[in-house]
1. Does Ser47 satisfy being of a type in the set (S, T, N, Q) and at pLDDT 90 or above?
2. Going by the conditions given, is Ser37 closer than 20 Å to Asp164 by Cβ, surrounded by 10 or more Cβ atoms within 10 Å (Cβ to Cβ) and modelled with pLDDT of 90 or more?
3. Is it true that Val188 is within 12 Å of the chain's Cα centre (by Cα), modelled with pLDDT of 90 or more and assigned to a strand (DSSP E or B)?
4. Kindly provide the set of residues from region 171-215 that are touching a Phe, Trp or Tyr at 6+ places or on another chain (Cβ under 9 Å), in contact (Cβ under 8 Å) with a residue 60 or more places away in the chain and under 26 Å from Trp117 (Cα atoms), ordered by number.
5. Please specify each residue of region 54-78 satisfying the condition of being part of a helix (DSSP H, G or I) and under 13 Å from Leu92 (Cα atoms).
6. Could you please find all residues in region 29-53 being assigned to a strand (DSSP E or B), out of contact with any helix residue (DSSP H, G or I) (no Cβ under 7 Å at 6 or more places or on another chain) and not small (Gly, Ala, Ser)?
7. For Ala86, state whether it is part of a helix (DSSP H, G or I), at pLDDT below 95 and either surrounded by 11 or more Cβ atoms within 10 Å (Cβ to Cβ) or in contact with a strand residue (DSSP E or B) (Cβ under 7 Å, 6 or more places away or on another chain) (or both).
8. Counting only residues that are surrounded by 11 or more Cβ atoms within 10 Å (Cβ to Cβ) and either among the β-branched types (Val, Ile, Thr) or on the phi > 0 side of the Ramachandran plot (or both), which one in region 50-78 is modelled with the lowest pLDDT?
Amino acid sequence: MPNNLPARPRLTTFCNVLLAAAVLALSGCASVMRVDSAVQSHAKWPSGALPASKASYEFERLPSQSAGPTATSQATLETLVRDALAPYGWGLSTTNTPAPWRVTVSAQTVTLPRAPWDEPREGWPLRPRFAVGLGTGHGGLYWGGMLSMDMPYYQRSVALVVRDGQTGRVAYETQAAHDGRWHDSPAVWRAMIDAALQGFPAPPTANRTVNIDIPR
């Protein structure tokens, strides 16, 4: 109808503003992201003596980490661990003889469709999401699922084990866990690995939270 035409540009502009505000609210404007990891570490070095300030090691893989696409992901993970261990004086062995230490690293990601606290509550068929739609019949705005934006939620964990190269006994183990909305990226994993290795080779004995800021 002609008398409704002037309202359409204003309505469209308003919708665009709302969508832009939603995107800004979700993305934030900070230049760094804080990765807060729950860390547990345990050390039992042979004879109770810490390893030398400079030590060599080799990576040891489980059968499930040695073939197919998993092997490619494992190689990336091991590269991050290599870079994280280097400041502690630990480097990959460059000889054909068995290294004095063997390092195993594993990681896991569980992807949820949304954060646990975003689950719909009983009696609330519509959750308050960033969703905007055009009403029918009245030309108004309503909250709904037309442009709803469920955001995946990631639960990640990484574990690292150091074994004696001769006896195979575990000398050091550490793990870090982090939950958040940020998509899988090497920067997040590197921050978790750095957190897991905090205090290496003589880490704090208590469970702790380690915060590491990374560029966004």
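The values are calculated or read from the model by the stated rules, or taken from the named source; none is laboratory data. Because the structure is a prediction, the values reported are computed rather than measured. Cβ coordinates were reconstructed from backbone atoms using ideal geometry, including for glycine residues, and neighbour counts include every protein chain displayed.
1. Details: of a type in the set (S, T, N, Q): yes; at pLDDT 90 or above: no.
No, not satisfied.
2. On the way: closer than 20 Å to Asp164 by Cβ: no; surrounded by 10 or more Cβ atoms within 10 Å (Cβ to Cβ): yes; modelled with pLDDT of 90 or more: yes.
Taking the combined requirement at face value, the residue does not satisfy it.
3. Details: within 12 Å of the chain's Cα centre (by Cα): yes; modelled with pLDDT of 90 or more: yes; assigned to a strand (DSSP E or B): no.
No: the conditions fail for Val188.
4. Let us first name the residues in region 171-215 that are touching a Phe, Trp or Tyr at 6+ places or on another chain (Cβ under 9 Å), namely 171-172, 174, 178-184, 188, 197, 200-203.
Checking which are in contact (Cβ under 8 Å) with a residue 60 or more places away in the chain leaves us with 171-172, 174, 178, 180-182, 184, 188, 197, 200-203.
Once the filter is applied, which keeps residues that are touching a Phe, Trp or Tyr at 6+ places or on another chain (Cβ under 9 Å), in contact (Cβ under 8 Å) with a residue 60 or more places away in the chain and under 26 Å from Trp117 (Cα atoms), region 171-215 yields His178, Gly180, Arg181, Trp182, Asp184, Val188.
5. Within region 54-78, the first condition is being part of a helix (DSSP H, G or I), and the residues that meet it are 63-65, 68-78.
Within region 54-78, just Glu78 meets the criteria.
6. Once the filter is applied, which keeps residues that are assigned to a strand (DSSP E or B), out of contact with any helix residue (DSSP H, G or I) (no Cβ under 7 Å at 6 or more places or on another chain) and not small (Gly, Ala, Ser), region 29-53 yields Val32, Met33, Arg34, Asp36, Gln40, His42.
7. Values: part of a helix (DSSP H, G or I): yes; at pLDDT below 95: no; either surrounded by 11 or more Cβ atoms within 10 Å (Cβ to Cβ) or in contact with a strand residue (DSSP E or B) (Cβ under 7 Å, 6 or more places away or on another chain) (or both): yes.
In short, no.
8. It comes out as Thr70.
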